[in-house]
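The structure appears below as structure tokens.
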Amino acid sequence: MTSAPPRQTGQLPPGPKGSRFAQTGKFVRGPIEFLAKAHAEFGDIFKVTLVGMPPIVYVADPDLVRQVFATDRSVGNAGRTRQDFLQRMVGDNSILVLDGDEWLRQRKMIGSAFHTRYLQSYQEQIREIANESIDTWDTGVEFPLRPKMQIVALDVLLRVVFGIKDLERVAQLREMLPRLTASASSMETLAFVLSRSAWAGIEPIFRRIPGSAAAKFSKARADCDAVLYDEIRRRRAEPDNEQRKDIMSQLLRATDDDGTPMTDLELRDALMTLLEAGYETTAAAMAWVFERLVRQPEVYRKLVDECATGDEAYLEAVIKETMRTRPIVPVMPRALSGDLEIAGYRIPSGWWVAPSVPLLHSREESFASPDEFRPERFLGDDVPKSAFVPFGGGRRHCLGAQFAMIEMKAVIPEVVRRMTLRAAPGSAPEQQKTSHVLLTPSRGASVIAEPREVPAT
Ligand code: HEM
């Protein structure tokens, strides 16, 4: 892609003409196309103005992306950019919405539960969960895989990450959580349409109107909280707490630098954070892997052969190439709490700066023939730093990235070992559809599955 035109320090980056309403209309209709057009016209750094948001400066060059992620140590605030749409669900103590010292304290405690020798040991249990799902699949007819992957990813969080053994409780949460997410999403749409400040004023009134989005959300959140708090209470009382390897048990044991453990409220917010950040994302990534595989017969064949040998290198390359060409999280904004000098521009405090992942991942300079699906590019060390960021970067990089990779590397081989997947005859590749803030396959990764002769494991 072209680089930005010459400019002088102090200027603001260029960007599409038109009012914020006109820009918002185009953005909502097709965010990927809108940003690609701006990129083609203005280069690797440009400004977009949308209704209800501060101006956003998008960057699409690896070096500029590195500079944006580096602001995590100074004026960049990832938490602030997520508060409006996540805080009511994940709570005030969530690392998703915090910044500064409060964020660091929570991140250290939750991070310690993920940075352990135990991660690899979760794979066997994840394979079991994948197989339970595969047992329920219809064969010989077209069906969407994303909902199946959502259940797998949710079960992995509840049973492996939280370590809940009571399957009835797992079933309860499995029913409640999608209800909570759906009602939170309707509330967010209302807040956007009515303007956030107007919505903040009337939300408490709406909560009292039975059947309203606010009332549904309140009820769903109360239901989930009741189960989560009950689980926390029981687990604190369990005698084998010290020996358990699941992540929730480690959170129960975690302390901050002063030796203070997490309160029940902090634990509830941490669990909700892991659900919010870890389940739809991983499910969408796995759905995309299958959507891509059924349209790349050579890659699919090779993957089946490689999985049979137990070697994970090609599998990992397929997952990465999928996340390069079909990123799940398209944008990773930072709200500026001070001016930022970047690429010769001075971006004012209060604005947002954001790497655009689809633009970054499709640069010819970083990835030769970027439109081609070629997992081999991830087999060497050729991918330039900051050119591939499916899990973000800087201090706010995805806390569950390693876990997500382990999960995908456990589930995908089980599927290709037991089933042969194909696209429905004549079906086109699926479009990238915005679902909440994620990019998901437009038809839910629709496939036809046929059982394979499974060699004994
Ligand atoms: C394929 C699956 C996943 C993708 C693509 C993904 C992607 C991301 C991205 C892009 C961010 C923001 C990074 C940034 O702003 O620089 C993020 C943050 C986060 N992710 Fe993930 N994620 C995935 C799975 C998971 C899982 C399984 C968990 C936990 C169980 C998790 C927990 C988190 C948390 C807690 C944060 C917030 C980190 C912070 O703000 O300090 N993610 N993830």
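Pairing residues of region 286-301 that are under 18 Å from LEU439 (Cβ atoms) with residues that are within 14 Å of the ligand (Cβ to nearest atom) and open to solvent by 20 Å² or more (accessible area, probe 1.4 Å), at Cβ distances under 6 Å and at least 6 apart in sequence or on separate chains, gives ALA287/ARG146; TRP288/ARG326.
Condition check: β-branched (Val, Ile, Thr), touching a Ser or Thr at 6+ places or on another chain (Cβ under 7 Å), buried (at least 19 other Cβ atoms within 10 Å of the Cβ) and under 23 Å from THR434 (Cα atoms). Does ILE319 satisfy that?
Values: β-branched (Val, Ile, Thr): yes; touching a Ser or Thr at 6+ places or on another chain (Cβ under 7 Å): no; buried (at least 19 other Cβ atoms within 10 Å of the Cβ): yes; under 23 Å from THR434 (Cα atoms): yes.
No; evaluated as a whole, the condition is false for this residue.
Scanning region 82-113 for residues that are of a type in the set (Ser, Thr, Tyr) and open to solvent by 10 Å² or more (accessible area, probe 1.4 Å) gives a single hit, SER112.
Matching residues to (1) more than 16 Å from the ligand (Cβ to nearest atom); (2) over 29 Å from ARG174 (Cα atoms); (3) charged (D, E, K, R):
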site	(1), (2), (3)
GLU280	no, no, yes
ALA285	no, no, no
TRP288	no, no, no
GLU291	no, no, yes
LEU303	yes, yes, no
GLU306	yes, yes, yes
ARG334	no, yes, yes
LEU359	no, yes, no
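Residues satisfying the criterion are present in region 412-421 (criterion: within 14 Å of the ligand (Cβ to nearest atom) and under 25 Å from ARG117 (Cβ atoms)). If the condition is being closer than 30 Å to ARG363 by Cα, more than 19 Å from the chain's Cα centre (by Cα) and not in a helix (DSSP H, G or I), then region 64-117 contributes SER74, VAL75, GLY76. Of VAL353, VAL415, VAL437, VAL447, all but one fail to be under 26 Å from GLU41 (Cβ atoms) and open to solvent by less than 40 Å² (accessible area, probe 1.4 Å); the exception is VAL353.
For region 287-342, which residues satisfy the criterion of being of a type in the set (D, E, K, R), under 30 Å from VAL75 (Cα atoms) and assigned to a helix (DSSP H, G or I)? Across region 287-342, the qualifying residue is only ARG324.
Conditions (1) within 22 Å of GLY100 (Cα to Cα); (2) open to solvent by 40 Å² or more (accessible area, probe 1.4 Å); (3) in contact with a His (Cβ under 6 Å, 6 or more places away or on another chain); (4) of a type in the set (Lys, Arg), marked per residue:
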position: LYS47; (1), (2), (3), (4): no, yes, no, yes
position: ILE56; (1), (2), (3), (4): yes, no, no, no
position: VAL59; (1), (2), (3), (4): no, no, no, no
position: THR71; (1), (2), (3), (4): yes, no, no, no
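Might you let me know whether region 94-105 holds any residue that is of a type outside the set (Val, Ile, Thr), more than 13 Å from the ligand (Cβ to nearest atom), within 27 Å of LYS385 (Cα to Cα) and touching a Gly at 6+ places or on another chain (Cβ under 6 Å)? No, region 94-105 has no match at all.
Any idea which of SER386, SER435 is within 16 Å of the ligand (Cβ to nearest atom), farther than 30 Å from SER183 by Cβ and modelled with pLDDT under 95? Lay out the reasoning, then the answer.
Working: SER435 fails: farther than 30 Å from SER183 by Cβ.
When all the criteria are applied, what remains is SER386.
Note on region 157-172: among residues that are touching a residue at least 24 places away in the same chain (Cβ under 8 Å) and within 16 Å of the ligand (Cβ to nearest atom), the one that is surrounded by the fewest Cβ atoms within 10 Å (Cβ to Cβ) is GLY163. ALA401 meets each of the listed conditions (1) within 13 Å of the chain's Cα centre (by Cα); (2) open to solvent by 40 Å² or more (accessible area, probe 1.4 Å); (3) without any contact (Cβ under 8 Å) to a residue 60 or more places away in the chain apart from (2).
Entry remark, region 418-431: residues being open to solvent by 60 Å² or more (accessible area, probe 1.4 Å) and assigned to a strand (DSSP E or B) number 2 in total.
Of all the criteria given as (1) more than 16 Å from the ligand (Cβ to nearest atom); (2) closer than 14 Å to LEU64 by Cβ; (3) part of a loop (DSSP other than H, G, I, E, B); (4) touching a strand residue (DSSP E or B) at 6+ places or on another chain (Cβ under 9 Å), the one not satisfied by GLU365 is (4). The set of residues from region 384-397 being surrounded by 14 or more Cβ atoms within 10 Å (Cβ to Cβ) and either among the basic types (Lys, Arg) or within 16 Å of HIS361 (Cα to Cα) (or both) comprises SER386, ALA387, PHE388, VAL389, PRO390, PHE391, GLY392, GLY393, ARG395, ARG396.
Among the residues of region 29-38, are any closer than 27 Å to TRP199 by Cβ, open to solvent by 60 Å² or more (accessible area, probe 1.4 Å) and either touching a strand residue (DSSP E or B) at 6+ places or on another chain (Cβ under 8 Å) or of a type in the set (Ser, Thr, Tyr) (or both)? No, region 29-38 contains no residue that is closer than 27 Å to TRP199 by Cβ, open to solvent by 60 Å² or more (accessible area, probe 1.4 Å) and either touching a strand residue (DSSP E or B) at 6+ places or on another chain (Cβ under 8 Å) or of a type in the set (Ser, Thr, Tyr) (or both).
Condition first: more than 16 Å from the ligand (Cβ to nearest atom) and at negative phi. Can you find one or more residues in region 392-402 that meet it? Can you show your working first?
Taking region 392-402 as the starting set, the residues that turn out to be more than 16 Å from the ligand (Cβ to nearest atom) are none.
No, region 392-402 contains no residue that is more than 16 Å from the ligand (Cβ to nearest atom) and at negative phi.
This table checks each residue for (1) open to solvent by 70 Å² or more (accessible area, probe 1.4 Å); (2) at pLDDT below 90.
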residue: ILE126; (1), (2): no, no
residue: GLU132; (1), (2): yes, no
residue: ASP155; (1), (2): no, no
residue: ARG174; (1), (2): yes, no
residue: SER186; (1), (2): no, yes
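Scanning for something in contact (Cβ under 8 Å) with a residue 24 or more places away in the chain, touching a helix residue (DSSP H, G or I) at 6+ places or on another chain (Cβ under 9 Å) and in a helix (DSSP H, G or I), does region 441-450 turn up at least one residue?
Of region 441-450, the ones in contact (Cβ under 8 Å) with a residue 24 or more places away in the chain are 441, 443-450.
From what is left, the residues that are touching a helix residue (DSSP H, G or I) at 6+ places or on another chain (Cβ under 9 Å) are 441, 443-447, 449.
Those still in the list that are in a helix (DSSP H, G or I) too: none.
Within region 441-450, not a single residue is in contact (Cβ under 8 Å) with a residue 24 or more places away in the chain, touching a helix residue (DSSP H, G or I) at 6+ places or on another chain (Cβ under 9 Å) and in a helix (DSSP H, G or I).
The values are calculated or read from the model by the stated rules, or taken from the named source; none is laboratory data. Keep in mind it's a predicted model, so treat the numbers as computed, not measured. Virtual Cβ from ideal backbone geometry, glycine too; neighbours counted across all protein chains shown. Please note that ligands, DNA and RNA were not included when accessible areas were found on the heavy atoms of the full protein model with its side chains. Shrake-Rupley method; radii C 1.70, N 1.55, O 1.52, S 1.80 Å.
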